[in-house]
Amino acid sequence: MTLEALISGLQNQHLRIPVDNYENVRRFTMTGQTESGRNRDNIPFERYVDIWWLALCIGIQEGRRTELKTDKWHQFVRAGEVLPSNPWRIFQLQLLAVGLTGGADILSKPGELIAMANEYAATGLPILLNEALGSQVPIWAMTDFVSNRLKDR
C-alpha cells in the first residue's frame, strides 16, 4: 500500500483517548492552555497527539490493549489530519502493526490499524498520567519516566 493510499484511508479514522483521561490530557498539553497558563515545566506535551503517541508506545511496551465501549472514548482529531504532518508516525504505525499482527494485511485496513493504536494508547495513558500527576514538575517526571523505561529494556 502506498503512503498516499494509507493517508486516504486514515481520513475518516479518529485518534481517541479514554474519556476518563481527557481532563488530564488537556492539563498536560499546550493545546488546552491559555497564553497565561503556559508553563512548560507543568505542561510537558505540545499536542494531544504527542501524549497519545507516548502512551501508544507505553501500551505496546506493556504488551496489552485496552478495549473500550464507543461512549468511553473522546475523539480528539482525525488521523488523516494529524499523521501526514509527521509522516514518520505513519511509517512507525505500519511497522508496529505488521510486527504486532504478524502480517501485512492490516495495512489495507486503516480502521483496524487505528483502532489497535488507540487501544494500546488507552493502556499507556493512565500509566503516563499517573507519573505526571504525582510530580511537582511534570516535565521532569516525564523525562525520568521515559529514561527509566528505556533503561529497563
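Table for the structure above
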read-out: Enumeration of residues in the stretch 64-74 that are more than 22 Å from Leu100 (Cβ to Cβ) and surrounded by 13 or more Cβ atoms within 10 Å (Cβ to Cβ); value: Lys72, His74
read-out: One residue from Arg26, Arg65 being within 30 Å of Gly134 (Cβ to Cβ), without any contact (Cβ under 8 Å) to a residue 24 or more places away in the chain and in contact with a Gly (Cβ under 9 Å, 6 or more places away or on another chain); value: Arg26
read-out: Odd one out for Ile58 among (1) crowded, with 16+ Cβ neighbours inside 10 Å; (2) among the aliphatic types (A, V, I, L, M); (3) over 26 Å from Ile139 (Cα atoms); (4) touching a helix residue (DSSP H, G or I) at 6+ places or on another chain (Cβ under 6 Å); value: (3)
read-out: Members of the stretch 87-96 found to be surrounded by 13 or more Cβ atoms within 10 Å (Cβ to Cβ) and within 16 Å of Trp52 (Cβ to Cβ), listed by number; value: Arg89, Ile90, Gln92, Leu93, Leu96
read-out: Matching option when the condition is touching a helix residue (DSSP H, G or I) at 6+ places or on another chain (Cβ under 6 Å) and either crowded, with 18+ Cβ neighbours inside 10 Å or at pLDDT 90 or above (or both), among Pro126, Pro84, Pro44; value: Pro44
read-out: Selection count, the stretch 45-101, where residues are touching a Lys or Arg at 6+ places or on another chain (Cβ under 9 Å) and outside any helix (DSSP H, G or I); value: 6
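Condition check ((1) of a type outside the set (A, V, I, L, M, F, W, C); (2) closer than 18 Å to Ile60 by Cβ) across all residues:
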| position | (1), (2) |
| --- | --- |
| Lys109 | yes, no |
| Met116 | no, yes |
| Ala132 | no, no |
| Ala141 | no, no |
| Leu150 | no, yes |
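The values are calculated or read from the model by the stated rules, or taken from the named source; none is laboratory data. Nothing here was measured: the structure is a model prediction, and the numbers come from that model. Because the Cβ atoms are built from the backbone with ideal geometry, glycine has one as well, and the counts that use them run over all protein chains shown.
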